[in-house]
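The next block holds one structure in the form of C-alpha cells; read it before the comments.
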C-alpha cells in the first residue's frame, strides 16, 4: 500500500486494522503475530513470532507451522479484517472432518492462501520450496493433499458479503473503514 503501513492504520475507535482483527478473534483462539520485526508489534497484547524465513507470506506460514503444537492452524492476512470467529470455527471443523493437509478457499483458479487452514506437517513441503527459491505462497500446494472450498460456500456460512475484502490500496482502506465496517459491526456486534 505504498507509504501506508496496513496493520497499523487507525480503523475502529482506538484500534488499528490488526488491533481490530485481534479484538474480534482473541476470545476464541490462541492468536500469534508473525513478523520480521517483533518490536513493531510489541504493543499488541499477544505473542509475536519472528519470521524464520525471509520468504514473504510463505515464510510466515512456515514460521507459524514450525512454532505450533496444534495439528490444524488458521492463517489470516493482516489486511483482511472482516473474518468472524464463527467462520474460523466452522473451517476448523470442516478441515478436521475432511482429514486433508489443509482447507483453502478457491474461486475458479484463484486461491485465498491467507484465510486458510494448514496442518502442522505442511512446514516440511514449505521448507523444500523455500530451499528451491520458490517464493509463491502456493508453491508448496503440489506436495500436499489439500482440500478446497468455494468462496461462495464460506460466504453462506458467514453470511457476510465482504468476508474476503482485502485492503491493498488507500481507496480499499477508506471503503473498508467508511462503508464495510459499519455493516460488519451491525452484523456481529448487535
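The values are calculated or read from the model by the stated rules, or taken from the named source; none is laboratory data. Please read all numbers here as calculations on a predicted model, not as lab measurements. Glycine also receives a Cβ, built like all others from the backbone with ideal geometry; neighbour counts cover every protein chain displayed.
Quick check: is even one residue across region 170-177 surrounded by fewer than 16 Cβ atoms within 10 Å (Cβ to Cβ), out of contact with any strand residue (DSSP E or B) (no Cβ under 6 Å at 6 or more places or on another chain) and under 17 Å from residue 20 (Cα atoms)?
yes
Assuming residue 70 fulfils every condition listed in (1) in a loop (DSSP other than H, G, I, E, B); (2) at pLDDT 95 or above; (3) closer than 23 Å to residue 170 by Cβ apart from one, which condition is it?
Going through the list (1) in a loop (DSSP other than H, G, I, E, B); (2) at pLDDT 95 or above; (3) closer than 23 Å to residue 170 by Cβ, residue 70 breaks only (3).
Quick one: how many residues across region 140-155 are in a helix (DSSP H, G or I), modelled with pLDDT of 95 or more and buried (at least 17 other Cβ atoms within 10 Å of the Cβ)?
2
So if I check each of 18, 65, which one is within 15 Å of the chain's Cα centre (by Cα), closer than 14 Å to residue 117 by Cα, crowded, with 19+ Cβ neighbours inside 10 Å and modelled with pLDDT of 95 or more?
Among 18, 65, only 65 is within 15 Å of the chain's Cα centre (by Cα), closer than 14 Å to residue 117 by Cα, crowded, with 19+ Cβ neighbours inside 10 Å and modelled with pLDDT of 95 or more.
Across region 21-44, which residue is surrounded by the most Cβ atoms within 10 Å (Cβ to Cβ) among those that are in a loop (DSSP other than H, G, I, E, B) and touching a helix residue (DSSP H, G or I) at 6+ places or on another chain (Cβ under 8 Å)?
44
Which one is farthest from the chain's Cα centre (by Cα), of the residues in region 110-139 that are in a strand (DSSP E or B) and crowded, with 19+ Cβ neighbours inside 10 Å?
Among them, the one singled out is 119.
With the requirement that a residue be touching a residue at least 24 places away in the same chain (Cβ under 8 Å) and either touching a strand residue (DSSP E or B) at 6+ places or on another chain (Cβ under 7 Å) or assigned to a strand (DSSP E or B) (or both), what does region 45-61 give you?
Those that are touching a residue at least 24 places away in the same chain (Cβ under 8 Å) and either touching a strand residue (DSSP E or B) at 6+ places or on another chain (Cβ under 7 Å) or assigned to a strand (DSSP E or B) (or both): 46, 60, 61.
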